[in-house]
Amino acid sequence: MKRRILYLTILLLTVLLQFSCNKSTKEQDFGVSISAPKLIGTPAEKFTPEEIQTLRISNSLSFLFLNQIYNSNDSLFSFSFSPLGVLYNIYNVSDTNYLQALTKQFSISDSQALLQNITNTLSVISEIDSTIQESTTLQKDKRSQLPNLVQEFQIPFPYEGMLKPKQLSFSLNDSAQRKMTFYQISGEFGLSQNETALCLDIPLGNGNYSLLIIEPKDWDIKTFASNFNETKYIEIIESLTYQNLKLSLPELSFTSNFSLPIPSIAGQTPLAVKSFLLTSKLTLQKPTRASFAVDKTNIDNKLQSNSKTEQQQINKPFLYILRGKSSNSILLLGVFTGR
């Protein structure tokens with residue numbers, strides 16, 4: 001009898017062990033807006049589920065804003081905006097129907113909690129990489145009834161090539177060219193190419209964030225940007241392969257002033273305020289010569305010894321995204337046209 005009980009116990013334990021081993025290990029997917037397959041064991045673990053949801057909403061709005069800009073303005077200009085900062089200030093719109101539609105679209109049960117989550121999320125981003133500086137302030141302008149947002153982004157660009165600028169040609173959207181400052185940087189960058197675009201992913205700061213540059217091939221930047229969406233964003237990220245590259249890209253530091261239309265949400269268009277006045281300042285923080293004195297190894301020598309090193313040049317209008325590498329969160333989105 002005891003032997004039979006022992007056999008049954010062993011059999012039961014074996015079944016339970018097999019069940020636990022076959023248990024699904026599929027990692028949590030937060031939807032196409034912020035697919036986060038790399039959360040486990042990465043700095044992105046610092047985000048709570050509520051903050052991840054906030055990033056998802058912010059990502060979704062990024063593409064709605066991008067589409068809205070090019071559907072309402074025929075001129076091409078360089079611009080950037082921080083979707084988290086804009087999302088926070090959308091609640092200054094005194095249109096209850098629009099806010100209700102926004103709340104329904106993104107399943108927002110508590111707007112005050114959302115605003116607090118935005119503040120918390122920006123704080124976590126700063127903890128993950130304190131070299132990235134972001135601020136969004138709302139300023140009152142007596143001459144205008146529109147909210148005036150002022151955003152500033154400082155992005156660390158720790159590459160020695162930033163100390164050696166060159167004057168090269170940049171092709172504008174109308175086939176004309178102009179001379180502008182270019183930097184030639186070297187490192188292990190992400191690369192993805194298809195029939196529509198060349199995509200480069202450049203690690204920034206301590207490597208937890210990167211600058212994703214997307215240069216259309218046969219499309220003009222206006223058409224390409226107005227058709228860019230979350231699905232294409234995720235497809236690019238998943239297709240990136242990292243390899244040694246020498247990259248030539250134009251100076252991205254600039255200030256833009258433009259009207260940022262509030263996108264339609266579920267058929268609702270704001271009645272009281274239909275756009276923000278947005279001043280956006282983007283600065284690439286250059287390293288110092290002293291910062292390279294610690295490491296005496298010359299990265300150019302490393303790359304020259306590798307016969308597989310490729311060279312890429314970004315010399316026509318492109319879309320760029322400052323993103324979290326482990327969370328796929330969008331901190332900054334913009335278009336550079338060279339004008």
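The values are calculated or read from the model by the stated rules, or taken from the named source; none is laboratory data. Remember, it's a predicted structure, so these values are computed and weren't measured experimentally. A quick note on method: Cβ atoms are made from the backbone with ideal geometry, for glycine too, and the neighbour counts reach across all protein chains shown.
The condition of being in contact with a strand residue (DSSP E or B) (Cβ under 9 Å, 6 or more places away or on another chain), free of Cβ contacts under 8 Å to residues at least 24 places away in the same chain and of a type in the set (Val, Ile, Thr) holds for only one of THR137, THR96, that being THR137. Considering every residue within segment 176-197, establish whether at least one is surrounded by fewer than 20 Cβ atoms within 10 Å (Cβ to Cβ), modelled with pLDDT under 85 and touching an Asp or Glu at 6+ places or on another chain (Cβ under 7 Å). Among the residues of segment 176-197, not one is surrounded by fewer than 20 Cβ atoms within 10 Å (Cβ to Cβ), modelled with pLDDT under 85 and touching an Asp or Glu at 6+ places or on another chain (Cβ under 7 Å), which makes the answer no.
Close Cβ contacts (under 7 Å, 6 or more residues apart or on different chains) running from residues in segment 262-276 that are without any contact (Cβ under 8 Å) to a residue 40 or more places away in the chain to residues that are outside any loop (DSSP other than H, G, I, E, B) comprise LYS274/PRO261. Could you say whether any residue in segment 131-143 is of a type outside the set (Lys, Arg), part of a strand (DSSP E or B) and under 22 Å from PRO216 (Cβ atoms)? For segment 131-143, residues of a type outside the set (Lys, Arg), part of a strand (DSSP E or B) and under 22 Å from PRO216 (Cβ atoms): absent. Among residues of segment 81-119 being under 29 Å from LYS281 (Cα atoms) and of a type in the set (Gly, Ala, Ser), the one that is surrounded by the most Cβ atoms within 10 Å (Cβ to Cβ) is SER82.
Does ILE214 fit the bill of being assigned to a strand (DSSP E or B) and touching a Cys at 6+ places or on another chain (Cβ under 6 Å)? So ILE214 passes the test. Selection of segment 158-168 for residues being surrounded by 14 or more Cβ atoms within 10 Å (Cβ to Cβ) and either farther than 30 Å from SER135 by Cβ or touching a Cys at 6+ places or on another chain (Cβ under 6 Å) (or both) yields only LEU168. Criterion first (in contact with a helix residue (DSSP H, G or I) (Cβ under 8 Å, 6 or more places away or on another chain) and hydrophobic (A, V, I, L, M, F, W, C)) does ILE213 satisfy it? No; evaluated as a whole, the condition is false for this residue.
Note on segment 68-80: among residues that are among the hydroxyl-bearing types (Ser, Thr, Tyr) and touching a strand residue (DSSP E or B) at 6+ places or on another chain (Cβ under 6 Å), the one that is surrounded by the most Cβ atoms within 10 Å (Cβ to Cβ) is SER80. For beta carbons closer than 6 Å, sequence separation of 6+ or different chains, a first residue in segment 116-129 that is of a type outside the set (Val, Ile, Thr) and a second that is modelled with pLDDT under 90 and not in a helix (DSSP H, G or I), the qualifying pairs are ASP129/GLY205; ASP129/ASN206; ASP129/ASN208.
Apart from one condition, SER175 fits all of (1) under 25 Å from the mean Cα position of the chain (by Cα); (2) not in a strand (DSSP E or B); the exception is (1).
Of all the criteria given as (1) polar (S, T, N, Q); (2) at pLDDT below 90; (3) farther than 22 Å from ASN328 by Cβ; (4) out of contact with any Leu (no Cβ under 6 Å at 6 or more places or on another chain), the one not satisfied by THR255 is (2). Consider segment 215-261 and keep the residues that are without any contact (Cβ under 8 Å) to a residue 24 or more places away in the chain and farther than 23 Å from LEU87 by Cα. The one that is surrounded by the fewest Cβ atoms within 10 Å (Cβ to Cβ) is ASP218. Residues of segment 120-157 that are under 17 Å from PHE81 (Cα atoms) and loosely packed, with under 12 Cβ neighbours inside 10 Å: GLN139 alone. Within segment 184-200, the set of residues being out of contact with any Pro (no Cβ under 6 Å at 6 or more places or on another chain) and either among the polar types (S, T, N, Q) or without any contact (Cβ under 8 Å) to a residue 40 or more places away in the chain (or both) comprises GLN184, SER186, SER192, GLN193, ASN194, GLU195, THR196. Within the option set LEU212, LEU200, being under 18 Å from MET162 (Cβ atoms), within 14 Å of the chain's Cα centre (by Cα) and buried (at least 19 other Cβ atoms within 10 Å of the Cβ) holds for one residue only, LEU200.
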